[in-house]
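Some notes on the structure that comes next.
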Amino acid sequence: MPGHVDALVVPTARRAASLRHAAALADGLAVPLVALCSRWASAEATARTVDPPDLALLAVDVPRAAGLALPTLATTELLAETKFERRTDISLKRNLGLIIARMVGWRRIVFLDDDITVADPGDLLRAAGLLDTYEGVGLSIGGFPDHSVVCHAHRRTGGYQETFVGGGALAVDPVRTTSFFPDIYNEDWFYLLDDRRLRPVTVTGHACQAPYDPFAHPDRARAQELGDVLAEGVYSLLDVGRAVRQADRAFWARFLSRRRHFIDDVGRRVARWPDTPERHRMTVSLKAAYGRLQFITPGLCEEYLHAWLADRARWRRYVRRLPMRVRLEEALAVVGLGAHESVLQPGADRQRTPEPVLPSGAVIW
């Protein structure tokens, strides 16, 4: 049955115009739009650009994680200042969305990436309604496939490639579920796990991913490889009925060997393609992924999973200590966003008093 959506949460790094579709969805559903901005996105530009101008909106300029009142995560520290350190802040933004929603009391939020469109807003209501039964409800993402670079090459050369529930269009209950998004590629796959196995999840409705060239920059393949290995490895265990904790060093040694053979096989298929610019880009990207794979050891994979399990307990303790049913202004202050530029348009905070006291640097439009 269709449910209700409490807020639409969009982690965004693109120009404000990329939020127009999400704003139209939020307006049509009569729910707040939460825009978590960095890089080319800004809170002020978002407020100037989105339509309609009276949309219930919270837009925040998100700083680096070090400037926020968040728990220190062992998974992040393990990769810090190594070639595996992640250079994007998508996980940080999604975690902030979870925390803010939890404190305000939003039970049904939908994460939507700024390059995804939803033709039927009713699909979001149906996804939210299923949260009574499931802990994560994704939309089936069509258009351009949402895969890693290596899996894009596998698919382009005739390989079968499944899709999975992802954070690009995902309904969750941040009060009931105390999971988090680790700072690694495939962070949404890890969010949907508990200490042993996959949480109850399902798919309904449809969304469309905007196209892009996955092979344009080989650094994309390098940046994805560790997260791809870890997620694909863990989920391969789940596929045969085993638990997350059974991914020991011996398992990772076997899986890394399989991964090398897999990339080799894709590379051989690419080499049989006609000599085109796309083949060259695929070849360079596959070599980049393979090169990064040589630095991934069974010990690193085992250590990362141990750190992730410890982080799950640490994150659970942190969120359970957060204040509940507070105003958005207070929620922003709790996580350290009170001193950063934010735009809060009327209607975004259902708990607001008529004349809220805003933190320093916040603006009401």
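The values are calculated or read from the model by the stated rules, or taken from the named source; none is laboratory data. Keep in mind that this is a model prediction, so the values were computed, not measured. Positions of Cβ are backbone-derived with ideal geometry, glycine not excepted, and every protein chain shown enters the neighbour counts. What goes into the accessible areas is simple: the full protein's heavy atoms, side chains included, and nothing from ligands, DNA or RNA. Shrake-Rupley method; radii C 1.70, N 1.55, O 1.52, S 1.80 Å.
What the table below lists for this structure:
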| item | result |
| --- | --- |
| Lys83, Lys287, reordered so the largest accessible area comes first (probe 1.4 Å) | Lys287, Lys83 |
| Over the range 133-202: Rg over Rh, Cα atoms, Kirkwood Rh | 1.00 |
| The range 63-111: GluC sites (Glu not before Pro) in DSSP coil with no more than 15 other Cβ atoms inside 10 Å | Glu81, Glu85 |
| Restricting the range 156-246 to GluC sites (Glu not before Pro) in coil, as DSSP defines it, with at most 11 other Cβ within 10 Å | Glu162 |
| Helical mean residue ellipticity (222 nm; -39500 (n - 2.57) per DSSP H run of 4+; nearest 500) of the chain | -13000 deg cm²/dmol |
| The chain, Cα convex hull volume normalised per residue, Å³ | 129 |
| Label-point separation in nm, Lys287 to Ala80, each point 7 Å along Cα→Cβ | 3.5 |
| Cα gyration tensor category, rounded, prolate or oblate, for the range 179-263 with a/c compared to 1.5 | oblate |
| DSSP bridge pairs, the chain: antiparallel proportion in percent, nearest 5 | 35 |
| Accessible surface of Trp40 - all protein chains present, 1.4 Å probe, nearest 10 Å² | 130 |
| Loop-resident sites, the range 149-178, for trypsin sites (Lys or Arg not before Pro), counting at most 11 other Cβ within 10 Å (DSSP) | Arg176 |
| The chain: DSSP helices with Cα axial extent of at least 18 Å and average Kyte-Doolittle hydropathy no lower than 0.5 | 90-104 |
| Quarter of the Cα convex hull surface for the range 153-297, i.e. its orientation-mean projected area (nm²) | 9.9 |
| Accessible-area value, Ser42, 1.4 Å probe, nucleic acids and ligands omitted, Å² | 40 |
| Global form of the range 1-70, assessed from the alpha-carbon gyration tensor, a/c cut-off 1.5 | oblate |
| Ordering of 211-223, 112-124, 163-175, 193-205 by packing [mean C-beta count within 10 Å, highest first] | 163-175, 112-124, 211-223, 193-205 |
| Those residues of the range 138-167 whose amide nitrogen sits under 13 Å from the label point placed on Trp273, 7 Å along Cα→Cβ | 149-159 |
